[in-house]
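The values are calculated or read from the model by the stated rules, or taken from the named source; none is laboratory data. All of these numbers come straight from a predicted model, not from anything done at the bench. Cβ sites come from the backbone with ideal geometry, for glycine too, and all protein chains shown count toward neighbours. When the accessible area is computed, the model is the full protein with side chains, heavy atoms only, and any ligands, DNA or RNA have been set aside. Shrake-Rupley method; radii C 1.70, N 1.55, O 1.52, S 1.80 Å.
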Amino acid sequence: MGKSKSTSTLGLLLFGLIIAGIIYVYKSSSFERDKAVITMQTNGYWNLKQSVGVDITDESGVKSYKILLKTADGESVITHEQLIEPMKTLHLDIKPPRSAYSLKEDSLTIVVEINDASSWNFMKGNFVRKEFEFIIDKRRPQTSILSNSYKISKGGSALVIFRATDDNLKDIYIESNNNKKFKPQPFYKDGYYISLLAWSLKDKDFKAVIVAKDYAGNIKKTHIPLYLKNKKYRTSTLKISSRYLETKTAQLAEEFVETQAITDPVKQFQIINEVIRGKNEDLIRKYTSVVSDEMIDDFRINKMYPLRNGKVAAYFGDHRYYNHNGKRISEAYHMGLDLASVAMAEIKPQNGGKVVYSDYNGIYGNMPIIDHGLGLYTLYGHCSSTQVNVDDYFSAKNVLANTGKTGAVMGDHLHFGVLVQGIEVRPQEWMDSKWIKLNITDVIKNAKEIINKS
Ligand SMILES: [Zn+2]
């Protein structure tokens, strides 16, 4: 009895030890059964110039790795390594394999094999093999300029039409100063693009470069040859009377949150002229930066002439200094052309388009904005009333609105603004039929002739 009891106790103890051992093996990270996770940093394209990164993570650590190139001819090892210390995370940069350059196929496969440091699987650890297919694209996108405006003036506009082709084209844009990007619109036939350009009045210099990128990371940059015409803009000093501060400024100050707690009329004027103006211009930029992705066949624009018998009351680009009692209190750039005729005169734009905004906009007062396509917009400030609503299609030569004194103004007039992809440009160019013919109509005509011949 005694003997059999001790045997069964020993058996139980042994059984318990085995269970504990199994639990240890199952719970222990040194016996983990998860294969390494392999993440290739790729979108599936490779230009065989840059390295491709691969990240490997494993709980017990990577013990060894092998990178292979797999083609129709078979597999060959690119690199392999046995790590002295297992690594829980490992980053590898796979250099383009030299033998891949001469491949006839337009794709290849990279194989990653990982052994981890786990004691599972009779101490052999977990093994994983993962394949990644790449489309080989060694060619840069091809671009060529078909026609463009001969020159661009400071504060002015220009047009360019070009061709851009690539099997795997990802992105195409025009880069100018201060990282400003212009978005070209598909034009006429597949592979052709058109874009208006604008040299911001606030930039000393101007350059424009077409940037075409493909999915494999190949980049082609093409400089647009434009003769730069520097244009001087005037500076003017505006006297702000006490009466203006007491009436117009005080009245505007009531409207804005920013001026609610301010009692000093000069301070009120400064906030309205700088902070509020900035916000109003941000709104304008937002509504006038949109360019369609749709292919356009043509782009026609009539000479702009929004106000009959409108006399110029202030020019575009004036750098204005504001004085009160002989002291400079503020400054700003005037980003439109002020035209005045009779009070509440009818505004009849010569070009149609979609109304994208028709509401009050701070110092600009009631302000409709029309989208003429190709990123060209016109805006009409200080209106007494507008005859259109957002999303209306405005037909050319109809009454859009009436001039007025809404916003920060002294007298009844129209503030006429022209914008190219969110940048204010000289309205005078668009009010000149010769300029339009030379810089827009003829450029389009030339490009179409080239496209039709090709
Ligand atoms: Zn104005």
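Listing for the model above:
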{"quantity": "Candidates V409, V388 - the one that is away from the ligand (no atom under 15 Å from the Cβ), β-branched (V, I, T) and either at negative phi or crowded, with 24+ Cβ neighbours inside 10 Å (or both)", "calculated": "V388"}
{"quantity": "Condition broken by N309, with the remaining ones in (1) without any contact (Cβ under 8 Å) to a residue 60 or more places away in the chain; (2) on the phi < 0 side of the Ramachandran plot satisfied", "calculated": "(2)"}
{"quantity": "Residues that are basic (K, R) and closer than 16 Å to G336 by Cβ, drawn from the range 266-311", "calculated": "R277, R285, K311"}
{"quantity": "Residue that is farthest from the ligand (Cβ to nearest atom), among those in the range 361-375 that are in a loop (DSSP other than H, G, I, E, B) and among the small types (G, A, S)", "calculated": "G373"}
{"quantity": "The listed residue being surrounded by fewer than 19 Cβ atoms within 10 Å (Cβ to Cβ), in contact (Cβ under 8 Å) with a residue 60 or more places away in the chain, under 20 Å from the mean Cα position of the chain (by Cα) and more than 17 Å from L146 (Cβ to Cβ), out of K220, K231, K183, K239", "calculated": "K183"}
{"quantity": "Any hit, the range 371-382, residues being over 18 Å from N309 (Cα atoms) and modelled with pLDDT under 95", "calculated": "no"}
{"quantity": "Strands (runs of 3 or more DSSP E) wholly inside the range 45-126 containing at least 1 residues that are among the hydroxyl-bearing types (S, T, Y) and open to solvent by less than 30 Å² (accessible area, probe 1.4 Å)", "calculated": "52-71, 107-116"}
{"quantity": "Tally of residues being in a strand (DSSP E or B) and either open to solvent by 20 Å² or more (accessible area, probe 1.4 Å) or not aliphatic (A, V, I, L, M) (or both) across the range 30-39", "calculated": "2"}
{"quantity": "Verdict on Y24 being farther than 19 Å from F134 by Cα, open to solvent by less than 60 Å² (accessible area, probe 1.4 Å) and either at pLDDT 85 or above or not β-branched (V, I, T) (or both)", "calculated": "no"}
{"quantity": "Residue that is of a type outside the set (G, A, S), within 16 Å of the ligand (Cβ to nearest atom), open to solvent by less than 10 Å² (accessible area, probe 1.4 Å) and over 28 Å from F299 (Cα atoms), where the choices are T378, T403", "calculated": "T403"}
{"quantity": "Number of the exception - I194 against (1) outside any strand (DSSP E or B); (2) open to solvent by less than 30 Å² (accessible area, probe 1.4 Å)", "calculated": "(1)"}
{"quantity": "Filter result for the condition that a residue is part of a loop (DSSP other than H, G, I, E, B), touching a strand residue (DSSP E or B) at 6+ places or on another chain (Cβ under 9 Å) and among the β-branched types (V, I, T), over T406, T378", "calculated": "T406"}
{"quantity": "Considering residues of the range 415-438 that are crowded, with 23+ Cβ neighbours inside 10 Å and either among the aromatic types (F, W, Y) or over 29 Å from the mean Cα position of the chain (by Cα) (or both) only, the residue nearest to G336 (Cα to Cα)", "calculated": "F416"}
{"quantity": "Answer residue from the range 243-287, given it is basic (K, R) and crowded, with 16+ Cβ neighbours inside 10 Å and is modelled with the lowest pLDDT among those", "calculated": "K248"}
{"quantity": "Selection within the range 317-342 - within 16 Å of the ligand (Cβ to nearest atom), on the phi < 0 side of the Ramachandran plot and in a loop (DSSP other than H, G, I, E, B)", "calculated": "D318, H334, M335, G336, S341"}
{"quantity": "Tally, over the range 147-172, of residues that are more than 22 Å from the chain's Cα centre (by Cα) and open to solvent by 30 Å² or more (accessible area, probe 1.4 Å)", "calculated": "5"}
{"quantity": "Filtered residue count, the range 206-217, keeping only those that are over 17 Å from the mean Cα position of the chain (by Cα) and among the small types (G, A, S)", "calculated": "2"}
{"quantity": "Residues of the range 416-437 classified as part of a loop (DSSP other than H, G, I, E, B) and in contact with a helix residue (DSSP H, G or I) (Cβ under 7 Å, 6 or more places away or on another chain), total", "calculated": "1"}
{"quantity": "Residue in the range 363-370 that is open to solvent by 30 Å² or more (accessible area, probe 1.4 Å) and aromatic (F, W, Y) present", "calculated": "no"}
{"quantity": "Tally, over the range 289-316, of residues that are within 16 Å of the ligand (Cβ to nearest atom) and open to solvent by less than 50 Å² (accessible area, probe 1.4 Å)", "calculated": "6"}
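Each row is one residue, and each column tells you yes or no for (1) of a type in the set (S, T, Y); (2) free of Cβ contacts under 8 Å to residues at least 40 places away in the same chain.
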{"residue": "K327", "(1), (2)": "no, yes"}
{"residue": "Y333", "(1), (2)": "yes, no"}
{"residue": "A340", "(1), (2)": "no, no"}
{"residue": "I370", "(1), (2)": "no, yes"}
{"residue": "G373", "(1), (2)": "no, no"}
{"residue": "A396", "(1), (2)": "no, no"}
{"residue": "A401", "(1), (2)": "no, no"}
